[in-house]
């Protein structure tokens with residue numbers, strides 16, 4: 001099965017990425033450090049997240065990216081039992097740090113925004129270097145385009161990995177104490193402070209001319 005097929009008028013379809021959906025016991029099996037796929041394909045496992053070994057395997061997606069094959073396996077995790085929290089921990093999210101805790105315990109973690117921004121800046125610098133007033137040349141040069149994409153992908157992966165690990169750490173901390181998690185909602189803070197309707201924020205006197 002092919003994934004990411006791009007169709008454009010007047011052009012032949014292009015496959016942007018290769019992927020395949022697999023089903024446990026029918027199209028893939030995990031045995032002795034190998035993944036066996038229906039059709040006689042056998043792949044050696046070089047990395048594994050062991051945190052979810054105790055759960056049953058579900059559908060999997062085999063992805064070919066670059067020169068590597070990656071298998072993303074879903075796990076059938078039962079819904080946790082609800083509990084009545086004794087208290088709550090507050091989470092304060094800033095650009096450089098995230099702070100969570102209560103009146104007795106405060107924990108800080110640095111964010112990865114600066115690291116991700118560095119990779120985004122590298123991608124933008126490459127785009128500017130290989131661009132002119134007529135057209136962006138980097139779109140036509142496959143090697144440069146792949147480097148730019150890899151930089152953007154690196155920045156996205158850094159933020160997603162940090163967000164998953166940090167949120168899991170906070171949830172485990174709250175569950176260990178029997179607390180709930182409270183995050184400050186700043187939506188509409190500036191508008192409420194100034195008494196301005198959010199729908200007209202940013203409009204000037206010249207907008208009606």
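Details
- Condition met for residue 36 (modelled with pLDDT of 85 or more, more than 30 Å from residue 171 (Cβ to Cβ), assigned to a strand (DSSP E or B) and touching a strand residue (DSSP E or B) at 6+ places or on another chain (Cβ under 9 Å)): yes
- Whenever a residue of the stretch 171-190 is over 11 Å from residue 100 (Cα atoms), its partners that are modelled with pLDDT under 85, lying with C-beta atoms within less than 7 angstrom and at least six residues away or across chains, give the pairs 178/83; 188/198.
- Scan of the stretch 89-106 for residues that are surrounded by 13 or more Cβ atoms within 10 Å (Cβ to Cβ) and touching a residue at least 12 places away in the same chain (Cβ under 8 Å), ordered by number: 89, 90, 91, 92, 93, 98, 100, 101, 102
- Listed by first and then second residue, the pairs with beta-carbon distance under 7 Å, at least 6 apart or on different chains, first residue in the stretch 65-86 and farther than 26 Å from residue 43 by Cα, second part of a strand (DSSP E or B) and modelled with pLDDT of 75 or more, are 85/179; 85/180; 86/179.
- When the stretch 107-119 is limited to residues that are under 18 Å from residue 183 (Cβ atoms) and in contact with a helix residue (DSSP H, G or I) (Cβ under 9 Å, 6 or more places away or on another chain), the one that is surrounded by the most Cβ atoms within 10 Å (Cβ to Cβ) turns out to be 111.
The values are calculated or read from the model by the stated rules, or taken from the named source; none is laboratory data. Everything numeric here is computed off the predicted structure, so don't read it as measured data. A quick note on method: Cβ atoms are made from the backbone with ideal geometry, for glycine too, and the neighbour counts reach across all protein chains shown.
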